[in-house]
Amino acid sequence: MKDTSSDDELIAKIALRDMRAFQVLFLRHGGHLLGYANRYVLARDRAEDITQEIWMKVIRLAPSYQGKGHFVAWLYTLTRNLCLNELRKENRLVVTESPVDGDESAGREHLPAQQSLEEEILNKENWLELKAAIDSLPETQRVALLLYAVEDLTYEDIAGEMSTSVSAVKSLIFRARTQIHRQVKNTSIANVASPTSAKRGAL
Amino acid sequence: MKKWSELFHEPVSPQYSDRVLSAAQLEMTQSLGAAKSSRSTSRWAFISTLTLAALAAVFVFRRESRPHHDEIELLQHEHEMLTDADLFSDLETLEEWDGESDGEKQNE
């Protein structure tokens, strides 16, 4: 029988060392969390190690958890911090790109308003294509986009996390969005021409 | 966030699931042990604090009562001195009396 307890109810039970509550919570969010961590590190094994550590943190921090209905946000923040630490350790967050120049910014009008980025991306019909497009982005662009779109951080916060300037962050996000648009558009065109081959390509 | 998490979902393999659940079980057991140990430590800390508090109270009580004790000792000492003085005085009186009585005898 499916457990309908809320995340907060389950975490309260985990605080009392209820293993069954942990299992329910893990089954509920394990796949999402793993996928999210994998978007940062792009290595399934490492994503598994990182998320295992996150789940252990959940057990340790459960007695002091005061998320009040924001368990998922809390979980994602823990994951993001750990992933960013891992990337920093390997110097994978060093931004070397220059700010957007005139030619690039001229293409801005073809992109939707930045506020609707999430909608724009999530309204795509084939999420696998989108996921592939995100994964194909250069490391720093991908991380900046995840922090901006998924975590909803401000440019200033992202600049702080990535130890770079706000203009560099804007540039990274702009380039990431342009690249995604281009890639998803190309895939969509290819999809119309040959749906099967396009799907295989996206995977 | 919910939509994004749906987007990023990846199937969890049985091996990974087993690994996390085993680690979780171990973590819970260890943290339970740590909690018990912590409770035990707290109990001992409480008992130690209580003992120390009791000792401190005794020490303070004794210190507080010492002036009275000293006073009593002083009074006893004074009393003894007085008694000795009285005794000497008595002896002197006795000697004087003896001397006087010797003279009287000689006179006789």
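What to note about this one:
- Across peptide B:25-34, the average count of Cβ atoms from other chains found within 10 Å of a residue's Cβ is 4.
- For peptide A:51-59, the mean count of partner chain Cβ atoms within 10 Å of a residue's Cβ comes to 4.
- For the residues A:Lys131, A:Lys2, a 1.4 Å probe over the protein chains yields an accessible-area ranking, largest first, of A:Lys2, A:Lys131.
- Area buried, chain B against chain A - accessible surface, total, 1.4 angstrom probe, square angstrom: 3000 Å²
- Residues A:Arg17, B:Arg63 ordered from highest to lowest accessible area at a 1.4 Å probe: B:Arg63, A:Arg17.
- Projecting the Cα positions of A:Leu25, A:Leu10, A:Gln52 onto the charge dipole of the stretch A:7-89 (unit charges on Cβ atoms of Lys, Arg, Asp and Glu, taken about the Cα centre) puts A:Gln52 furthest along the positive direction.
- Shown are A:Glu86, B:Glu10, B:Glu71, whose ranking by accessible area with a 1.4 Å probe and every protein chain present, most to least, is B:Glu71, A:Glu86, B:Glu10.
- Average partner coverage of B:12-23, which counts Cβ from other chains inside 10 Å: 5
The values are calculated or read from the model by the stated rules, or taken from the named source; none is laboratory data. This structure is a prediction, so every number in the text was calculated from the model and none was measured. Here the Cβ is made from the backbone with ideal geometry for all residues, glycine too, and neighbour counts use every protein chain on show. Heads up: the accessible areas ignore ligands, DNA and RNA and are worked out on the full protein's heavy atoms, side chains in. Shrake-Rupley method; radii C 1.70, N 1.55, O 1.52, S 1.80 Å.
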